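What follows is a set of notes on a single structure, which appears directly below.
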Amino acid sequence: MHDNYKSTEFSDIDLSRWKDYDDVILDSLWLLGPRDKTGPHVGDYWGNFIPQIPHQVLTRFTKRGEVVVDLFSGMGTTLIECKRLGRAGLGVEIDPGVAERSLERINCAENPSNVPVAVLVGDSTTALTAKRVRATLREWGADAADCVILHPPYHDIIRFSELEGDLSRVPTEAAFLDKISLVAQHAYDLLKSAGFMALVIGDKYVDSRLVPLGFMCMQRCVDAGFVLKAINVKEILNNERGKGKNGNLWKYRALVGGFYLFKHEYVMIFRKPAARGKRA
Ligand SMILES: C[S@@+](CC[C@H](N)C(=O)[O-])C[C@H]1O[C@@H](n2cnc3c(N)ncnc32)[C@H](O)[C@@H]1O
C-alpha cells in the first residue's frame with residue numbers, strides 16, 4: 001500500500017489509481033465473455049453462474065479478509081472465488097450430494113490467504129438455517145456477513161432436485177416469490193449494516209406470457225428493507241437456458257409465438273441501509 005492509498009469502506013479498490021482498474025465493471029451492461037474455466041472452475045453444473053460474476057461483486061463490494069455468504073452455493077463458484085480473492089466464504093446448498101461435490105472442487109482451489117470456507121446443507125428459507133449460518137460466522141469471529149450473494153433457481157426453469165424445500169419445485173409463482181421473500185429477510189438479517197447483496201436472476205416464459213421474475217424478486221428484496229443500487233444486465237453466451245442445443249427450433253418458435261429468446265439475465269445490487277449513527 002502506498003502513501004496516497006485511498007479507498008471506500010466497502011472495497012480495497014485504490015481510488016487514487018481509479019483509472020487503472022480496467023477489469024472492474026462500472027457499466028450496467030455486463031459483457032463478460034466466455035466462462036472462466038481456470039483452476040477448479042468447471043461449467044458442468046447446469047445452472048451455475050460464470051465465476052466472473054462473483055469475482056466482480058467481491059472486488060467491488062468486499063475487502064480482503066471479509067466474510068461472504070452465498071445462500072444458494074450450488075457447485076461453489078462463489079466460494080472458489082472467495083478463496084482466490086482472500087475472502088472467507090460460507091455457502092448454503094439444499095442438496096447434500098451437490099454440497100459434497102462442490103466441496104471437492106472448493107478444496108482444490110488455491111487459498112493463498114488461508115481463509116475459512118464451508119458449505120452448510122440446508123434450506124435457505126428457514127430460520128434454522130439462518131441460525132446455523134450465524135453460528136458459523138461467530139465461530140469465524142464475525143457478527144454478520146460483509147456481503148451476501150443470492151443465485152436462486154429461476155423458479156422451475158431448471159429442476160434441481162426432488163428435495164422438499166427446493167425452490168425449483170415450488171408449485172406456483174406466488175409461492176416461489178413468498179419463498180424469495182423469506183430468503184431476502186434472512187439475507188437482510190445476516191448482513192452487516194451498510195453491507196451489499198447481489199441477486200443473480202433471470203426471467204421466464206409461461207404459456208406464451210413473459211414472467212418478469214427478475215423484477216418480481218427485486219421487489220421482494222426491496223420489501224425486505226434493501227436499497228436497490230443497480231440493475232445490471234448480463235449477456236448470456238452460448239446458453240439457451242432450458243432449451244437444449246436445438247437453437248434453430250427455438251428461433252422458429254420465437255417467430256411463430258411473437259416472443260424473443262432470452263440472451264440476458266440480471267445481476268442486481270442492493271445495500272442494507274446503515275444503522276442509525278453509521279455512515280453508509
Ligand atoms: C442457480 S443454482 C446456484 C448455482 C451456483 N451459483 C453455482 O455457481 O454453482 C441454485 C442452487 O440452489 C439450490 N437450492 C434450491 N432450493 C434451495 C433452498 N431452499 N435452499 C438452499 N439451496 C437451494 C439448488 O440445489 C441449486 O444448486
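With respect to Gly76, determine if the residue is in contact (Cβ under 8 Å) with a residue 12 or more places away in the chain, near the ligand (Cβ under 10 Å from one of its atoms) and either of a type in the set (A, V, I, L, M, F, W, C) or crowded, with 21+ Cβ neighbours inside 10 Å (or both). Spelling it out, Gly76 is indeed in contact (Cβ under 8 Å) with a residue 12 or more places away in the chain, near the ligand (Cβ under 10 Å from one of its atoms) and either of a type in the set (A, V, I, L, M, F, W, C) or crowded, with 21+ Cβ neighbours inside 10 Å (or both). Helices (runs of 4 or more DSSP H) wholly in the stretch 66-161 with at least 1 residues that are in contact with a His (Cβ under 6 Å, 6 or more places away or on another chain) - which ones? Result: 77-85, 127-139.
Only one entry in Asp22, Asp12, Asp36, Asp95 is farther than 25 Å from Asn114 by Cα, without any contact (Cβ under 8 Å) to a residue 60 or more places away in the chain and of a type in the set (Asp, Glu), namely Asp22. The number of residues in the stretch 21-48 that are at positive phi and buried (at least 17 other Cβ atoms within 10 Å of the Cβ) comes to 1.
Values quoted throughout were computed directly from the atomic coordinates according to the rules given, and no laboratory measurement underlies them. Here the structure is a predicted model, which is why all the values come from computation and not from measurement. Neighbour counts are summed over all protein chains in view; Cβ atoms, including those assigned to glycine, are modelled from backbone coordinates with ideal geometry.
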